[in-house]
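Following: one structure in structure tokens, then a few remarks.
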Amino acid sequence: PRTPLERHRRSTQHHPTSRPTTLRGNPSGDQRLTQGNSSALGSLSPREVEVLSLVAQGHSNASLATTLFLSERTVMAHMRSVFTKLGLVDDGTTHRRVLAVVAYLGSQRIGEPTRG
């Protein structure tokens, strides 16, 4: 594994509390979040994409709350949902916020509008 996201995937692969990242609508469960695979990001709600795009711009939770007219608690709930949908487990060895941004930025193509 080369990227932080790939290392995270590998480190949680056999963790007893980790669940594989299966994508919504995929009954076989064989498709996983990998760099270049934006399908898992497609499961995010428009608000979650908006929150993640602002995180990618460097906003803190407090800044997100102010910008989006939300409470910090609501911002944290959106981030927890993003982590869950992307299969990012808090294992103490990685920074889920950074991994979510890496996945988000990896899914963006120049000239394509972001959903949100």
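Heads up, I need the accessible area for GLU72: 1.4 angstrom probe, whole protein in place, Å², nearest 10. Surface open to solvent at GLU72 totals about 90 Å².
With θ taken as phi - 60° and the Karplus curve 6.51 cos²θ - 1.76 cosθ + 1.60 applied, the whole-hertz 3J(HN,Hα) list for segment 42-49 is x, 7, 6, 6, x, 5, 5, 5 Hz, x standing for glycine and proline.
The values are calculated or read from the model by the stated rules, or taken from the named source; none is laboratory data. Model, not experiment: these values are computed from the prediction. To get the accessible areas, we keep the full protein, side chains included, count just its heavy atoms, and leave off ligands, DNA and RNA. Shrake-Rupley method; radii C 1.70, N 1.55, O 1.52, S 1.80 Å.
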